[in-house]
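What follows is one structure encoded as structure tokens, with my remarks underneath.
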């Protein structure tokens with residue numbers, strides 16, 4: 001190029017004042033993710049996590065509901081004691097009932113007493129003996145219901161001894177056996193619920209491990225290249241961690257919302273079908289379909305735990321796979337006889 005030849009525009013140096021104005025801004029290309037944001041494996045894993053989260057939240061809500069129902073039954077039973085007087089030809093039943101009520105109310109810790117009259121006694125026996133029953137034709141025991149102070153109950157053994165001494169035909173039932181059974185049932189239900197939660201979490205962790213290894217197998221060459229050119233293990237693990245965190249959050253949120261909606265719909269149905277045979281039977285068996293704010297808080301905590309377990313499992317799996325890659329590189333016999341460097 002001669003001195004007279006013009007300098008190409010691409011090589012000409014612009015004046016200092018115009019350098020920034022003529023030079024286009026350099027756009028930094030965003031770094032693409034190692035894993036695709038959406039694929040068949042990710043969608044399948046999201047569905048599995050949603051199912052696991054639904055089962056876990058459903059189990060937790062059911063355990064909360066059963067515990068609340070058992071506590072309600074326990075409170076109702078422990079608030080009252082029953083005095084039963086068997087009929088006798090030599091016994092004035094009405095006088096014996098009044099005397100038993102007076103003896104019971106004389107103890108500290110009792111609040112009130114009620115004698116179950118003949119009509120109420122006949123209604124209690126109606127499901128088994130039918131309507132129109134004349135209790136005078138049968139040796140039907142009569143009952144006295146005593147309301148007690150749950151926090152400071154009376155001395156049941158002393159009351160029982162005094163009733164037996166004054167009225168030999170009387171017996172006291174403090175319902176302790178039923179209360180103990182309800183407490184045992186509640187504890188058993190809680191243990192079963194926690195066992196089911198443990199199984200669900202175990203199945204979910206194994207599913208995440210297999211899904212992570214599948215993703216590693218499909219992208220192993222990318223991970224090896226990144227790792228060989230100097231990408232740290234934590235960087236690669238962090239990319240997988242973010243990928244599975246997004247999947248687990250979406251899946252656990254979907255499963256938790258479905259479980260919450262199910263409990264809300266059941267509670268809505270029960271509230272709008274009161275005094276019907278179906279609602280009465282459901283309430284008798286399961287109690288109220290309400291888990292309260294503690295149950296909903298537990299469901300939310302379960303969703304977070306599922307997301308955390310998924311993320312930690314994916315991270316540990318990736319770190320272990322990278323360690324295996326490093327082991328293969330450092331062992332010439334396993335890398336085809338080629339040295340690592």
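Here, each number is a calculation from the coordinates, and none is a lab measurement. If you're wondering where the values come from, they're calculated on a predicted model, not measured in any experiment. Neighbour counts are summed over all protein chains in view; Cβ atoms, including those assigned to glycine, are modelled from backbone coordinates with ideal geometry.
Results, tabulated for the structure shown:
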{"read-out": "Computed over region 140-183, Kirkwood Rh from alpha-carbon pairs, angstrom", "value": "12.0"}
{"read-out": "Neighbour-count ranking [beta-carbon atoms within 10 angstrom, fewest first] of 49, 205", "value": "205, 49"}
{"read-out": "Order of 147, 110, 302 - criterion: other Cβ atoms within 10 Å of each residue's Cβ, fewest first", "value": "147, 110, 302"}
{"read-out": "Cβ-based exposure ranking for 69, 310, 294, in which fewest neighbours within 10 Å come first", "value": "294, 69, 310"}
{"read-out": "Rg to Rh quotient for region 87-168, alpha carbon positions, Kirkwood Rh", "value": "1.03"}
